[in-house]
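Chemist: Submitted below is the structure of interest, expressed as structure tokens.
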């Protein structure tokens with residue numbers, strides 16, 4: 001059973017400028033280039049985020065906060081998942097590009113939702 005205090009943390013150096021990495025999380029076309037098959041992104045606080053993969057999995061969320069070329073935060077709820085979680089991304093300039101720090105948290109307990 002998951003605990004709301006569980007977190008997934010990732011830190012990754014990316015050989016790309018801050019602006020491109022920020023766009024990869026806030027632009028539908030850029031999201032499709034590396035993450036999903038189809039996307040919609042209304043990258044303003046309160047704007048919707050929809051991601052779809054060919055295998056039938058999808059996730060939706062809402063942008064919570066955005067600081068251009070610095071921070072992105074959004075909610076995430078995937079198909080059949082028991083609840084919504086939160087993804088926080090921080091970007092910093094690095095020697096060869098961008099240092100990305102990601103925290104995904106808010107995992108709750110419960111059974112996955114039954115597919116209808």
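One line per residue, one yes/no per condition, for (1) part of a loop (DSSP other than H, G, I, E, B); (2) in contact with a helix residue (DSSP H, G or I) (Cβ under 6 Å, 6 or more places away or on another chain); (3) at pLDDT below 95; (4) surrounded by 13 or more Cβ atoms within 10 Å (Cβ to Cβ):
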site: 5; (1), (2), (3), (4): yes, no, yes, no
site: 12; (1), (2), (3), (4): no, no, no, no
site: 16; (1), (2), (3), (4): yes, no, no, yes
site: 22; (1), (2), (3), (4): no, no, no, yes
site: 31; (1), (2), (3), (4): no, no, no, yes
site: 44; (1), (2), (3), (4): yes, no, no, no
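Chemist: In the range 48-79, which residues are over 13 Å from the mean Cα position of the chain (by Cα) and within 19 Å of residue 90 (Cα to Cα)?
Modeler: 67, 68, 69, 70
Chemist: Determine whether residue 61 is touching a strand residue (DSSP E or B) at 6+ places or on another chain (Cβ under 6 Å), at pLDDT below 95, buried (at least 16 other Cβ atoms within 10 Å of the Cβ) and within 25 Å of residue 11 (Cβ to Cβ).
Modeler: So residue 61 does not fit the description; no.
Condition check ((1) free of Cβ contacts under 8 Å to residues at least 40 places away in the same chain; (2) crowded, with 16+ Cβ neighbours inside 10 Å) across all residues:
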| residue | (1), (2) |
| --- | --- |
| 41 | yes, yes |
| 79 | yes, no |
| 87 | yes, yes |
| 93 | no, no |
| 106 | no, yes |
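Chemist: Is it true that residue 33 is under 23 Å from residue 17 (Cα atoms) and over 12 Å from the mean Cα position of the chain (by Cα)?
Modeler: Considered against the rule, which asks whether it is under 23 Å from residue 17 (Cα atoms) and over 12 Å from the mean Cα position of the chain (by Cα), residue 33 comes out as yes.
Chemist: With respect to residue 75, determine if the residue is at pLDDT 95 or above, within 17 Å of residue 13 (Cα to Cα) and either touching a helix residue (DSSP H, G or I) at 6+ places or on another chain (Cβ under 8 Å) or in a strand (DSSP E or B) (or both).
Modeler: The answer is no for residue 75.
The values are calculated or read from the model by the stated rules, or taken from the named source; none is laboratory data. Note that the structure is a prediction, hence the values are computed from the model and not measured. Positions of Cβ are backbone-derived with ideal geometry, glycine not excepted, and every protein chain shown enters the neighbour counts.
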